[in-house]
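Engineer: Quick one: this structure, given as structure tokens, is what I'll be asking you about.
The values are calculated or read from the model by the stated rules, or taken from the named source; none is laboratory data. This is a predicted model, so every value here is computed, not measured. Cβ: placed from backbone, ideal geometry, glycine included. Neighbour counts: every protein chain shown.
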Amino acid sequence: MASTLTVLTWNMCGVERWNGCAGTGSAAEKAAELVRTVRTQRADAVLLQEACERTAGRLREERNGESTRWQVAFEPYRTPTGAAVRCTRGSGRAGIALAVRGRLEDVRYVAAPQPHDDIRRGVLCAARAGDGVELCTAHLTPHFAATPGPDPRPAQLAALAAAADASPAAVFGGDLNTLPPKAEGGVMPSGVWPSTLYDRYRECGQHGRRGGPATPTHAGGFKIDYLFTDLRRQGCRTLGTAFSDHAMLLMRVEPHHV
């Protein structure tokens, strides 16, 4: 069994017409950036949000001199009418994706409350074959201080945490569109976290019981991208990139409890 598991999460900003994504590079450039980072950081698993289906699928071709192939699972975003959201320029559907070097088992879309009048994002989970580590990629609904109506994120976070709780070992996260628990004010309220999440799990860059100072992951200067685990962390890095308005987040863990 490998002594480390390296997990990368990245919101690829693949839908060019969405806020902040214009001018962040072509689908081919984003795919090249993803593959380059996977190679240089020796990532074993990748959680993607705002990914174009064909861009995420590029990992299936990635070998880098190794015999183990990658497997990719993809779940498209849906409009309020149920239609799949499309990327532009022939890149296929837009959505969330899970990819591992090896095989995925028990791939499933996790039911979580979604807004009736906005894009339906969601949570996609699977177990990594061999060690059974549960992996979940999530993209939660943005909800700003001025947004009318109920905030769907508490129920979405609860569904994500419940999916992780069902496994003896998990790494999960993504673009949670939520500020850290200690963040006050701002345009995106943070008081939506499940009360036990930071007790049972540790976030990639967490210091102390409730988070502590957070390295920004978004071009706006705040943190909304996360990786949580109940495994022993060996390292956490935030990797800047010119090909999205989100930085990449990379975490190394021991893929078994000690």
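Engineer: How many residues, within region 120-163, are among the aliphatic types (A, V, I, L, M) and over 17 Å from Thr178 (Cα atoms)? Give the derivation first.
Structural biologist: Taking region 120-163 first, the residues among the aliphatic types (A, V, I, L, M) are 123-124, 126-127, 129, 133, 135, 138, 140, 145-146, 155, 157-163.
If we keep only those that are over 17 Å from Thr178 (Cα atoms) too, we end up with 124, 126-127, 129, 133, 135, 162-163.
Summing the residues that are among the aliphatic types (A, V, I, L, M) and over 17 Å from Thr178 (Cα atoms) in region 120-163 gives 8.
Engineer: Moving on to the next point. Would you check which residues across region 138-181 are buried (at least 20 other Cβ atoms within 10 Å of the Cβ), of a type outside the set (A, V, I, L, M) and part of a helix (DSSP H, G or I) and list them?
Structural biologist: Hits for region 138-181 are Arg153, Gln156.
Engineer: If a residue has to be within 18 Å of Ala43 (Cα to Cα) and either out of contact with any Ser or Thr (no Cβ under 7 Å at 6 or more places or on another chain) or at pLDDT below 95 (or both) to count, how many in region 212-249 make the cut?
Structural biologist: Residues that pass the stated criteria total 12.
Engineer: Let me ask something else. Would you confirm whether any residue within region 23-46 is touching a residue at least 40 places away in the same chain (Cβ under 8 Å), part of a strand (DSSP E or B) and in contact with a strand residue (DSSP E or B) (Cβ under 7 Å, 6 or more places away or on another chain)?
Structural biologist: Pass one, region 23-46, residues touching a residue at least 40 places away in the same chain (Cβ under 8 Å): 24-27, 29-30, 33, 37, 41, 43-46.
With part of a strand (DSSP E or B) added as a condition, the list becomes 45-46.
Cutting the leftovers down to in contact with a strand residue (DSSP E or B) (Cβ under 7 Å, 6 or more places away or on another chain) gives us 45-46.
Among the residues of region 23-46, at least one is touching a residue at least 40 places away in the same chain (Cβ under 8 Å), part of a strand (DSSP E or B) and in contact with a strand residue (DSSP E or B) (Cβ under 7 Å, 6 or more places away or on another chain), which makes the answer yes.
Engineer: Considering only residues of region 6-36 that are closer than 19 Å to His139 by Cα and charged (D, E, K, R), which is modelled with the highest pLDDT?
Structural biologist: The first filter runs over region 6-36 and keeps only residues closer than 19 Å to His139 by Cα, leaving 7-21, 30, 34.
If we keep only those that are charged (D, E, K, R) too, we end up with 16-17, 30.
On the way: Glu16: 90, Arg17: 91, Lys30: 95.
Only one residue tops the list, namely Lys30.
Engineer: Within the group Ala127, Ala159, Ala99, Ala94, which residue is under 16 Å from the mean Cα position of the chain (by Cα) and touching a residue at least 60 places away in the same chain (Cβ under 8 Å)? Even if it seems obvious, please write down each step before you answer.
Structural biologist: Values: Ala127 fails: touching a residue at least 60 places away in the same chain (Cβ under 8 Å); Ala159 fails: touching a residue at least 60 places away in the same chain (Cβ under 8 Å); Ala99 fails: touching a residue at least 60 places away in the same chain (Cβ under 8 Å).
Of Ala127, Ala159, Ala99, Ala94, the one residue that is under 16 Å from the mean Cα position of the chain (by Cα) and touching a residue at least 60 places away in the same chain (Cβ under 8 Å) is Ala94.
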